[in-house]
Each structure stands twice: as C-alpha cells, then as structure tokens.
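Just below is one structure, and these are the notes that go with it.
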C-alpha cells in the first residue's frame, strides 16, 4: 500500500492537470488550479528549506573553522543581506539599487566567465587537432570580438549577428525541443508508474 498510494496520487494529479490543459470544464479548471497552487506552495516551501540548509551548513563550517570557511562566511553574509533587504525594502529604490548595482553585475560576470570557459574549452579541443574545436574557436572569437565597441572590429558585427540569429538560434530551439520531449517522457513515466521519485 505504501508504494501504491503515492503512485495513485501522482497519477491522479497528473491526469487532472493534463485534462485541465486539454479540456474546458469548470470542475477541471478548479481542480487544476488547486493542484497548481499547491505545487507553487510546495516549491516555495522547498526554496525556504534549501535556504535554511544553506545557512546551517555554512554556519557549521564557519563555527568549526573547516577548510573554505572564508567562502562560507561570504555566502552567509550575502544570503542574509539579500534576504533582509528583500524582506525590508521590497519594491523600493533601495531594492532597485541593489538589483541594478549588485545582482545584475554578478549575473553579467557569471555570463562573462561562461564565455571564457567556452573559449578555453575550444582552445583545448583545438590543441588536439579537431576541426570542430578550431571551428568553435573561430566562431567564438568572431562573436566575442564583434561584440566589442571598438571601431576597427565593427566589421565583424554583421557576421556576429548572423551567427547569433541563424545557427545559435537553431541550436537553442533544438535544445528546447529536446528538453520539452524529455519533460514529456519523464512525466509519462511518472504517470504510468515506471519512475517513482516519491519513494
């Protein structure tokens, strides 16, 4: 019964939400809305549990002076400052300043590091004599140099725009289609009872 009941609950919830998307019926709309609201509430509770776990793990690492406790201190102070500012100054100029001056530059820095990581991977692949690695390196350099606001390199801007609009967009669409098919396949496996992540 322990294995059958969670499977039946998952199957019932999945079928109700699927029918709610496919059919127009007031009862299905109400039940689907309740189930989706419940999923949002569970997701918010999981986010809070994750935040509490992050704070407790880093606090324990700082208290015991374990290896890397300095990074844990930065994580702890940053998480608490972000949480406090979000709770106290939500939708105020202070929150707008924090987002614009702190969070947005951090996200841009992470994106820039990703670009250099891709360039480094292309160079390592190119060293092994791979044609794909050389092509990846050349395309990466064209996109990187074409994005710089230097006058002499602006001739690469149309080529960069074409690369971003045609092959990159095609790859992104392929990835999104693959993700969508994977989500559908995983959902069907859970609905049928082949996968049981709730056990």
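Every number in this text was worked out from the coordinates using simple rules, so none of it is lab data. Keep in mind that what you see is a predicted model, and the values were worked out from it rather than measured. When we count neighbours, we look across all protein chains shown, and the Cβ atoms used for this are built from the backbone with ideal geometry, even at glycine.
Rg then Dmax, both in Å and based on the Cα atoms of the chain: 24.2, 71.
Rounded, prolate or oblate, given the Cα gyration tensor of the range 41-92, with a/c below 1.5 counting as rounded? In terms of gyration-tensor shape, oblate.
Here the gap between residue 15 and residue 94, fully extended at 0.36 nm per residue and compared with their Cα-Cα distance, gives a gain of 24.0 nm.
Our compactness index for the range 65-182, the C-alpha radius of gyration over the empirical 2.2 N^0.38 Å, is 1.49. Compactness check for the range 1-114: Cα Rg over 2.2 N^0.38 Å is 1.58. Angle check, please: helix 26-63 long axis (alpha carbons) against the longest principal axis of the chain (alpha carbons), in degrees 0 to 90, nearest 10. Relative to the chain, helix 26-63 is tipped by roughly 60 degrees.
Put in line by how crowded their Cβ is, counting other Cβ atoms within 10 Å and starting with the fewest, 118, 40 read 40, 118.
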